[in-house]
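Please read the structure below before turning to the comments.
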Amino acid sequence: MEKKKNLSIMIQSNTFSFLFLFLVLLTFLSCEVYGENNSGINNVDIENTIFQDNNGNQSIPIPPEDRQEILDLIYTYSYTYDSKDLDSFISLFTTDCIWEVYTDKGTELEFQAKSRNQLREAMAERMANMTEKGIQTRHYQTNTILKSMSADTVEGVTMLNLMWQYPDDELPTFVQTGVYHDVFVKIEGIWKFAKRTALIDQTQSD
């Protein structure tokens, strides 16, 4: 009886050892295969890697400093517009810029300026009208997605939530939502709006 018990223990011990060695070998082989398929993954030069979208068009990564400058440009748009700083606002655009507004879910063209001079005239009138009525605007721009088309051209989309507050209002009033479609260009080292299209969800815009 004692011999049978010892034999059983020996068989169980050998079985465990075999399974343990098998698992170790399997893990080793898996690591080898993974290592071959991912060799050099930590040495990838992200800045120089070319990516392709679903349409097969090449898109290069945007350097972090350019990305931040473009985001700052978008934020400055809000601050200069809402503070009615016309000169600073206009300086954000190229001389041949396009600025346009589509309402009714982005289907109806409400306004279009085809140069910085036209944009200045339009914005001077808008800002004067806001000042006369005492309206404080607040442009909240979020969820920006950028795509580099070349070293000096980037396209992007940004969500808009616009609020107004009249002098007698205790709280601001929701006005409209929409999405900006933008083209940014880098001129003499400075990023500017080459085109900004506002697709507004509602039927009226500011």
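We did not get these values from a lab; they are worked out from the coordinates using the rules stated. Bear in mind that the values here come from a model prediction, so they are computed numbers and not experimental data. We place every Cβ from the backbone using ideal geometry, glycine too, and count neighbours over all the protein chains shown.
Do we have G106 as part of a loop (DSSP other than H, G, I, E, B) and touching a Ser or Thr at 6+ places or on another chain (Cβ under 9 Å) here? So G106 passes the test. Given the condition under 21 Å from Y166 (Cβ atoms) and among the aromatic types (F, W, Y), answer yes or no: does some residue in region 92-102 qualify? No, region 92-102 contains no residue that is under 21 Å from Y166 (Cβ atoms) and among the aromatic types (F, W, Y).
Among residues of region 112-140 that are touching a residue at least 40 places away in the same chain (Cβ under 8 Å) and outside any helix (DSSP H, G or I), those with a Cβ under 8 angstrom from a residue that is among the polar types (S, T, N, Q) and surrounded by 15 or more Cβ atoms within 10 Å (Cβ to Cβ), sequence gap 6+ or separate chain, pair up as Q136/Q165; R138/S78; R138/Q165; H139/S78; Y140/S78. The residues of region 176-192 that are surrounded by 15 or more Cβ atoms within 10 Å (Cβ to Cβ) and not β-branched (V, I, T), listed by number, are Q176, G178, Y180, H181, D182, F184, K186, W191, K192.
Any chance you could count how many residues in region 68-90 are farther than 20 Å from H181 by Cα and crowded, with 16+ Cβ neighbours inside 10 Å? Number satisfying all stated conditions: 2.
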